[in-house]
Amino acid sequence: MSIQGSLERRRREGHLAGGPLALILFLVLLGGCGGRGGARGGPEAKREGSVARPLEVYRDLGMLAGPEDFPAVASFATLAGPADSTYVLVGLSLSNNALRFQREGSGFAGEYEVKLAFLRDSVEVKRLERREKVRVGSFPETGRTEETIIFQALLALPPDRYTVHFEARDALSSRGLRAQDTLPVPAYGAAAATLAGPVLVYGASGRGSRTVAPELIVNPRRTVPYGGEPPRVYVEGYGVAAGEAVSVRVVGEKDTVLWQGNAILA
C-alpha cells in the first residue's frame with residue numbers, strides 16, 4: 001500500500017511550535033483489546049430492501065466520495081494541536097484504477113493532485129496543494145480496485161466553523177472529485193476532561209505532547225473487512241486520568257450495534 005502526502009514530512013519535522021502540554025494524551029488501540037463481535041456491515045450493506053452503491057453509502061455517512069470513474073473517499077478528523085490550535089487530519093483513499101498510468105522505466109507511474117482550502121466567512125484561512133506520484137511494477141497492478149493509496153495531511157487551524165473546498169484529481173486525465181463541505185473544528189482546552197476521536201487507523205503510536213504531530217496511518221473509509229479483525233481506533237484524552245475506561249461502539253442504521261470494544265487508558 002502506498003502512503004502518500006504529508007505524514008512522512010511531519011515525521012521528519014518532529015516538533016511543531018507551541019507550549020508544553022498541560023493535559024494527558026492517551027492512545028487506545030482497540031484492535032488489541034477484548035471486544036464483543038456482532039453482525040458487521042460494510043459499504044455493501046443492504047438498506048431498506050435495496051442494495052446501496054458503496055460510494056452512496058460513504059456520502060450518507062458524511063464523507064466525501066467521487067464518481068464511479070474516480071472512486072475516491074475522503075474524511076476529516078480533529079485532535080488537539082499546538083497552543084490553542086486544533087489539528088485537522090485529512091484522509092483520502094484511492095484505488096489504482098482511479099488513475100491513468102504511463103510506462104516509466106521497468107514499471108508504470110501515475111500521478112494525482114489534492115487541493116484543500118479552509119474558509120471562514122468567505123476568507124481563506126489555510127490552503128494545501130499536493131501532487132503525488134504512484135509507481136507500480138506491472139500493468140495488472142494499474143487496474144486494482146481495492147484501496148491501494150492513502151493520502152493524508154495534518155493542518156493546524158484555530159477552532160471555528162469552516163467551509164472546506166476539496167479537490168482530488170488524476171493528474172493525467174479529467175477524472176476527479178470536487179466537493180464543498182462544512183467542518184466544525186472544536187477547541188480542546190484544559191477546562192474540562194474530554195476525548196478526541198475515535199479515529200479509525202491502520203496503525204498508530206501515542207504522543208506525549210500536543211506540540212508533537214500524531215504518528216498514525218488513517219483509515220479514510222472508516223471500514224474494516226467483513227469477518228476480519230476488529231477496527232483499530234485511535235482516541236486521545238485530555239484532562240483524563242490514567243486508568244479511565246473507554247467504550248467504543250460501531251453503530252449501524254436504526255442504532256444497531258455492529259461492534260463494541262472496551263479499553264483502559266494507560
### Query
Restricted to the stretch 125-152, and to residues that are of a type in the set (Val, Ile, Thr) and farther than 17 Å from Ala72 by Cα, which residue is surrounded by the most Cβ atoms within 10 Å (Cβ to Cβ)?
Val136
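Give the residue that is most open to solvent (accessible area, probe 1.4 Å), with candidates limited to residues of the stretch 167-226 that are farther than 25 Å from Val73 by Cβ and aliphatic (A, V, I, L, M).
First, pick out the residues of the stretch 167-226 that are farther than 25 Å from Val73 by Cβ: 187-194, 206-212.
Now drop any that are not aliphatic (A, V, I, L, M), which leaves 187, 190-193, 212.
Details: Ala187: 76, Ala190: 72, Ala191: 108, Ala192: 63, Ala193: 69, Val212: 37 Å².
Looking at the filtered set, the residue picked out is Ala191.
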### Task
Would you mind telling me which numbered condition in (1) more than 21 Å from Arg221 (Cβ to Cβ); (2) open to solvent by 10 Å² or more (accessible area, probe 1.4 Å) Lys115 fails?
(1)
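Please work out if Val251 is closer than 23 Å to Thr78 by Cβ and at pLDDT 75 or above.
Values: closer than 23 Å to Thr78 by Cβ: yes; at pLDDT 75 or above: no.
No: the conditions fail for Val251.
The values are calculated or read from the model by the stated rules, or taken from the named source; none is laboratory data. All of these numbers come straight from a predicted model, not from anything done at the bench. We place every Cβ from the backbone using ideal geometry, glycine too, and count neighbours over all the protein chains shown. The area values use the complete protein model at the heavy-atom level, side chains included, leaving out ligands, DNA and RNA. Shrake-Rupley method; radii C 1.70, N 1.55, O 1.52, S 1.80 Å.
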